[in-house]
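What follows is one structure encoded as structure tokens, with my remarks underneath.
The values are calculated or read from the model by the stated rules, or taken from the named source; none is laboratory data. Here the structure is a predicted model, which means the values were calculated and not measured. Ideal geometry is used to build each Cβ from the backbone, glycine not excepted, and the neighbour counts take in all protein chains shown. Ligands, DNA and RNA are excluded from the accessible area calculation, which covers all protein heavy atoms including side chains. Shrake-Rupley method; radii C 1.70, N 1.55, O 1.52, S 1.80 Å.
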Amino acid sequence: MSSFEVLMKRCWFVLLLAGSAFAVPSRSPSPSNLIANIPGRTTVSLNGAWRAIVDPFENGKNGFFRDAKPNDKRDLVEYSFDASPVLNVPGDWNTQRADLMFYEGPVWYRREFEFHKRPGTRMFVYFGAANYRASVYLNGEKLGDHEGGFTAFNFEVTSQLHDSSNVLVVEVNNVRRTDGVPGMKFDWWNYGGITRDVTLVEVPATFIQDYWVQLEKGSTHQIAGWVRFNGPVSHHEVTIQIPEASVEYKTLPDENGYAKFTFDASAIACGKKPASQCSAPLKLWSPESPKLYRVVISGEGDSVSDEIGFRTIEVHGAKILLNGKPIFLRGISMHEEAPFREGRAFSAEDAQTLLGWVKELGCNFVRFAHYPHNENEVRLADRMGLLVWSEIPVYWDIDWTNPATLENAESQLRDMIARDHNRAAVILWSVANETPVKPERLVFLKQLVQEARELDSTRLITSALNHVDETAPDVRAIADPLGDVLDVVGLNEYLGWYWGRPEDAERLQWKMSGEKPLIVSEFGGGAIFGRHGAADERWTEEYQESLFEHQLAMVERMPNLAGVSPWVLMDFRSPLRMLPGVQDYHNRKGVISNRGQKKLAFYTLQKFYAKQAKENH
Ligand code: GCU
């Protein structure tokens, strides 16, 4: 985005804040520059052991990117990647080295690799994520910067790449920032590092940058979408094929290399056969049958194939409809924390373990809190039949009036949607979690909601709210103005833990204005696995079990209830939880311990979902 555009946007944002009485004027979000579907491309992994220099005073800014070496014994070079220890990529540095567990600051990574570019191809380097800010250099040349610890980014390296040995240097800095997203305080460990895969991606001179192939809103056979090329286009045909459903559709890109389309898959699949002899070509994706189709998109000399499910998701009054039928979301919230070893989860195995537990609970829904989780988890949810709530880390209080903070949140939103917009599993985009009710926050979040709708009109927009009014002794009203612009309202309430007693749930009544679906996106309480005692003794499994029993009975009486995702699947590391012998820097609200041990509440929830599944079948 040019500095002029940045300037225009900032003036626009300041104007907006000044005149917040006015509606949010529309301005189309610029597309993400992310390359879609890296698993479906020709790639070379750069994962492995990278040399790393821990640089608390950011002294390396002067030149570490050059990876200099003394030419001779008189030369003074006061750093050496060759002599520095390694850190594994992907992986956070905190759980790899005890001396870095609490480290917040810059670390310089270096990866040397041999590469021989094939003629007529272009090369990109793709990062799944790096927390929090990354500056990337190849062979001493700056490629660019990225801010945001949980979204992917890529740079073209066609001209910087040497046809032999190459040196990739990345400065990663996880220092928290007052203008950051998230801000200075959050209830998860600030794991730093290159936390997801690093990949070299080879594409043709003109290639398919991104595409969208989904069912049109409210239709079970009309497919709508687009294909966006990067590079000169020669207006050759673009083909979208779904071989298993006998669907093939051709169209042409416009002068900007953009091909928009909509077509009736039934009509195409049926061809000349009378409709009576034709069954619906597409089996709809659902948790019970998570059908994925191989979809091949080709044009301009490039071809990409992907596994895509087709389903519709919409709200109807207080109901969420999947494929036109009301669905109750039996969920759990989870962090992207690795089971057993702790640290940031990233691998397919981590995803299998975590989502395996989610399935074992009897869930058809999972809330990925509070930031976009890795692609392994999202694609596994697609295959397993788990509906997904995906969120950007606009968490608690941030710098609402700072245009740079809005831009940052918008780019994280854009990149979250860009990476996962073809995943049938993802049904909810959440723009924030537990944010304070104040005018500047409302303006900020309304802008994000508007942008999310423009980027994706097929999914539901939500946020986890926690502002409730005590309208009478045993009555709580969900009263947050942000709720008015959401499709689905998420509510975090900690009755029985941060306020009241678990048994108070028996009397409490909830009120909600407006006819919208409600998801109780968080409730919960802490327990130490293996600590047993009376149900009113904090930190025992019995206390957590009793809290879950009371909560689940209460939520069933709540208005507009369409789903629930208790806090939280597994105990996770947090810098806010310091009670010795109990928390030891862990949030203990998991129904499973960080060693994979199931607490009593796990079975309480499992039983509740078994009953729910039977009733809603
Ligand atoms: C909040 C928040 C979570 C946090 C949880 C807790 O509601 O959304 O991130 O961990 O409560 O206090 O345990």
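Data table
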| quantity | calculated |
| --- | --- |
| Gap separating the Cα centres of the stretch 140-162 and the stretch 426-453, nearest whole Å | 29 |
| Accessible surface, per residue, of the stretch 565-617 when the full set of protein chains is kept, probe 1.4 Å, Å² | 42 |
| Label-point gap, in nm, between Arg595 and Glu515 - each point 7 angstrom along Cα→Cβ | 5.3 |
| Hits among aspartates and glutamates - C-alpha to C-alpha of Lys516 under 14 Å, sequence gap 8 or more where chains match | Glu314, Asp480, Asp484, Asp487 |
| For Asn71, net neighbour charge (Lys/Arg +1, Asp/Glu -1) across residues whose Cβ lies under 15 Å away | -1 |
| Net charge of Cβ neighbours under 13 Å - reference Pro575; Lys, Arg +1; Asp, Glu -1 | +1 |
| Charged-residue dipole, Cβ positions (Lys, Arg, Asp, Glu), the stretch 470-617 about Cα centre, Debye nearest 20 | 540 |
| Simple label model, 7 Å out from Cα along Cβ direction - Ala205 to Lys359, nm | 4.6 |
| Kyte-Doolittle mean at least -0.5 and Cα axial length at least 18 Å: DSSP H helices in the chain | 3-18, 439-455 |
| Gyration tensor verdict on the chain (Cα atoms; rounded if a/c is under 1.5, prolate if a/b is larger than b/c, oblate otherwise) | oblate |
| Cβ-placed point charges (K, R +1; D, E -1), dipole of the stretch 216-357 about Cα centre in debye, nearest 20 | 680 |
| Pair Ser347, His116: separation of 7 Å Cα→Cβ label points (nm) | 3.2 |
| For the stretch 170-284, with +1 on Lys and Arg beta carbons and -1 on Asp and Glu, the positive-most of Asn173, Val247, Ser276 along the dipole | Ser276 |
| Sequence ranges 249-257, 112-120, ranked by mean other-Cβ count within 10 angstrom, highest first | 249-257, 112-120 |
| For Ser546, solvent-accessible area (1.4 Å; no DNA, RNA or ligand), Å² | 20 |
| Net charge contributed by nearby residues that have their C-beta within less than 10 Å of Glu493 (K/R +1, D/E -1) | 0 |
| Residue-wise HN-Hα coupling along the stretch 289-305, computed from phi with Karplus coefficients 6.51, -1.76, 1.60 (Hz; x: Gly, Pro) | 9, x, 6, 10, 10, 6, 10, 10, 10, 9, x, 6, x, 10, 8, 10, 10 |
| Residue (of Phe368, Gly301, Leu569) at the positive-pole extreme of the chain, dipole from beta-carbon charges | Gly301 |
| Global geometry of the stretch 33-135, whether rounded, prolate or oblate, following the gyration tensor of its Cα atoms and the 1.5 cut on a/c | oblate |
| Packing-based order for 292-304, 472-484, 91-103, using average beta carbon neighbours within 10 Å, highest first | 292-304, 91-103, 472-484 |
| Proximal lysines to Lys283, defined as alpha-carbon separation beneath 26 angstrom and excluding residues fewer than eight positions away on the same chain | Lys217, Lys250, Lys260, Lys272, Lys273, Lys291, Lys319, Lys325, Lys359, Lys614 |
| Area accessible to solvent at His236, 1.4 Å probe radius, in Å² | 110 |
| Per residue value of the accessible surface for the stretch 85-223 (all protein chains in place, 1.4 Å probe), Å² | 33 |
| Carbon/sulfur fraction of accessible area - the chain, other protein chains in place, 1.4 Å, % | 53 |
| Cross-link reach list, lysines versus Lys61, counting only Cα pairs under 29 Å and skipping chain neighbours closer than eight places | Lys69, Lys73, Lys142, Lys185 |
| Column: log10 I(q)/I(0), Debye, Cα scatterers of the stretch 153-241, q = 0.22, 0.26 Å⁻¹ | -1.11, -1.38 |
| FRET E, pair Asp72, Thr42, Förster distance 51 Å, beta-carbon r, rounded to 0.05 | 0.75 |
| Using θ = phi - 60° and Karplus 6.51 cos²θ - 1.76 cosθ + 1.60, couplings along the stretch 179-188 (whole Hz; Gly, Pro as x) | 9, x, 9, x, x, 7, 10, 7, 8, 8 |
| Potential extension, Val175-Asn88 segment - 0.36 nm per residue separation minus Cα distance | 29.3 nm |
| Amide proton proximity set for Leu387, modelled H, under 5 Å, gap of 5+ | Phe365, Val366 |
| Per-residue SASA entry for Arg531, accessible area with 1.4 Å probe, Å² rounded to 10 | 90 |
| Cα gyration tensor shape for the stretch 578-617, rounded if a/c is under 1.5, else prolate or oblate | prolate |
| Antiparallel %, DSSP beta bridges [both residues in the chain], to 5 | 70 |
| Centroid-to-centroid separation of the stretch 37-116 and the stretch 243-282 [C-alpha atoms, Å] | 49 |
| Percent RCO, i.e. relative contact order, over the stretch 463-617, from Cα pairs under 8 Å lying at least 6 residues apart | 19 |
| Efficiency of FRET from Cβ geometry, Asn59 and Ala613, R₀ 60 Å, rounded to 0.05 | 0.55 |
| Student exercise, the stretch 310-371 dipole from Lys, Arg, Asp, Glu Cβ charges, in Debye to nearest 20 | 360 |
| Cα centroid of the stretch 558-587 to Cα centroid of the stretch 321-343, whole Å | 14 |
| Listed residue (Gly48, Ala527, Gly331) projecting farthest to the positive dipole end of the chain, Cβ model | Gly331 |
| Hz values of 3J(HN,Hα) by residue in the stretch 332-343 - Karplus curve (6.51, -1.76, 1.60), Gly and Pro given as x | 8, 8, 8, 8, 8, 9, 5, x, 6, 7, 6, x |
